[in-house]
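Q: Questions regarding the structure given below will be posed in turn.
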Ligand code: TTJ
């Protein structure tokens, strides 16, 4: 073959692969939801994780130690790492630099002869080219071989060949992208708190990693730096920060078997509830799975074995159940698997069967050793389990003797409930409203067809510290459960929910945040399936009204960019003869029924935040701080949140 002929063939091959590239990325722009879940706020944030995951992988492979994320003044994102840098050499197959392929070919990325597997992500892990396709522009800088390599793309198309733009005295990769407003039609504004929360979680899950978030937007300047030498043990300490613990330092163990790494951290609190969180390849496995199963089985067996061997439990006595030994437990389990199988309704259940025995074995060994070496703590753990077992047996007996019904049947709908006329749960909404006066406005302002109102008064019971019968005796709580129609405890049945939207409507001040936290904790602990079904929402009453004369022209919703929105609105109305003024809403009670409907309840205008299980878990953590005996953290929290007057849930 002549050299000319060979070149021609290569050119043809190249053209063919280029066409495929363009078709691939065009498909992403046609159906973005298929690749990133949605084009809403969630999808927008997803782009960041898609990029950050690559840097996390480089860190897990042992080559990067520092990741920085920047929200730029124009709401674009920059991610910087100090890894080896994406390879820039020309690949045989494509005739193009590897880095170009990473950003232009669907599903490329990850392995470039570097060995190791892709650990991070995995749930969506669709690759950086998807981010590229959905960005008006994306630029990458690779610091490698003493050079800075640079390439830019627009809506997925290469602008120019990869070129060297300077000298480098380090290695690493920097990616900057501008999400396309044609795709993200709902919003292109990033939420600091959303990014911050996940970045902190990634720091907990990847021991030793340094990761930071910097907000460079006007008026929002702030930065957070995370680095946890303790990894998930630090996570457990963080969750238990405001709780009373029965031993100071969390038990921590890590191990590896067949290329699968397993880490477990746990600590007992004096609470009655368990908080067990599991992760696979940094993804929160809400639905649990084989790693949790292995952990639970091991925990129950090791504690029973120890108790029997040390005569804390007599040979003829019943074993403690799983529930008994998990009372008051806070645990985080994290596995990293080369080929994770995600199952379940929300694909957040780890399915790999071999993980059961690996987790079981690794944790059993470490936990048995711990109990042997710490007999005093071991005794406390066993005694706590025995107490839980006694309470369980007593409660069961009481139920059998009285066969008393809970009294939460729908036939006893609470008097305070203003029900709606529809009984199709798919369209009905229950508003839990703080205070009688706001309750009154909500009742007259609502759409009676599908909106029901349940006013609650004052602070509700602290369910964290209360026993089951005390909870069941509480009026506010009873009325909530009766109205929902789901029953309580063992009889709880989410399919009986009378409303598929449960909307918490509290004041936009610290007290309102407090009550909302209480309600979320209640829901998290006793109505979790409702939360998992996505039925729980938080109403977002406006924080400002922009008035001209006595007429309200515009409402501003609370949020991280509320001040900027207010400024913009004031400017819009500054033309006329009378200057606009600001009304600040402190409580729902300051709005009349019509305003409340227009701003907060009318489905056409309102803004509601759906509460995720994670949000509720965070509320649960904050809860102890607000309710507990310790004054200092509570004061700090209120001071920190006073300015924005909304609790971030
Ligand atoms: C792969 O194996 C050879 C050496 O380089 C490895 C690699 O690709 N490392 C890497 C990729 N580090 N950082 C990235 C990366 C960083 C960002 C911000 C975005 C993307 C797509 C990749």
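Q: As a check on your grasp of the helix formula, calculate [θ] at 222 nm for the chain: sum -39500 (n - 2.57) over DSSP H runs of n ≥ 4, divide by the residue count, round to the nearest 500.
A: On the way: 20 runs with 251 residues, N = 649.
Rounded to the nearest 500, it is -12000 deg cm²/dmol.
Q: Using the per-residue mean of other Cβ atoms lying within 10 Å as a proxy for protection, in what order, highest first, do the peptides 168-176, 273-281, 368-376 fall?
A: 273-281, 168-176, 368-376
Q: Would you mind giving the three semi-axes, in whole Å and largest first, of the ellipsoid equivalent to the stretch 121-189 according to its Cα gyration tensor?
A: Semi-axis lengths for the stretch 121-189 are 26, 14, 10 Å.
Q: How big is the Rg/Rh ratio for the stretch 508-560, C-alpha atoms only, Rh by Kirkwood, two decimals? Before the final figure, lay out the partial values.
A: Working: Rg = 15.6 Å, Rh = 13.4 Å.
Result: Rg/Rh = 1.17.
Q: Distances over 20 Å make up what percent of all Cα-Cα pairs in the stretch 267-411?
A: 56
Q: In addition: Take the stretch 251-292, compute every pairwise Cα distance, and split them into 5 Å bins from 0; I just need the percent in each bin.
A: 5, 17, 26, 26, 17, 6, 3, 1
Q: In whole angstrom, how far apart do the alpha carbon centroids of the stretch 579-601 and the stretch 509-545 sit?
A: Cα centres, the stretch 579-601 to the stretch 509-545: 20 Å.
Q: Could you put 598, 152 in order, starting from the residue whose Cβ has the fewest other Cβ atoms within 10 Å?
A: So the ranking, lowest neighbour count to highest, is 152, 598.
Q: Could you check the simple spin-label distance between residue 165 and residue 259, using points 7 Å along Cα→Cβ, in nm with one decimal?
A: Placing both labels 7 Å along Cα→Cβ, they lie 3.8 nm apart.
Q: Students often check this: by mean Cβ neighbours within 10 Å, which of 608-615, 263-270 ranks highest, and how do the rest follow?
A: The peptides rank, most packed first, as 263-270, 608-615.
Q: Which order results if 193, 324 are arranged by neighbouring Cβ count within 10 Å, fewest first? Walk me through the intermediate numbers first.
A: Details: 193 13, 324 22.
The fewest-first ordering by Cβ neighbours comes to 193, 324.
Q: For the chain, what D do you get in µm² per second when you plug the Kirkwood radius from alpha-carbon pairs into Stokes-Einstein at 10 °C and 1.306 mPa s?
A: In µm²/s, the coefficient is 58.
We did not get these values from a lab; they are worked out from the coordinates using the rules stated. These numbers were taken from a predicted model, which means no experiment stands behind them. Neighbour counts run over all protein chains shown; Cβ positions are idealised from the backbone, glycine included.
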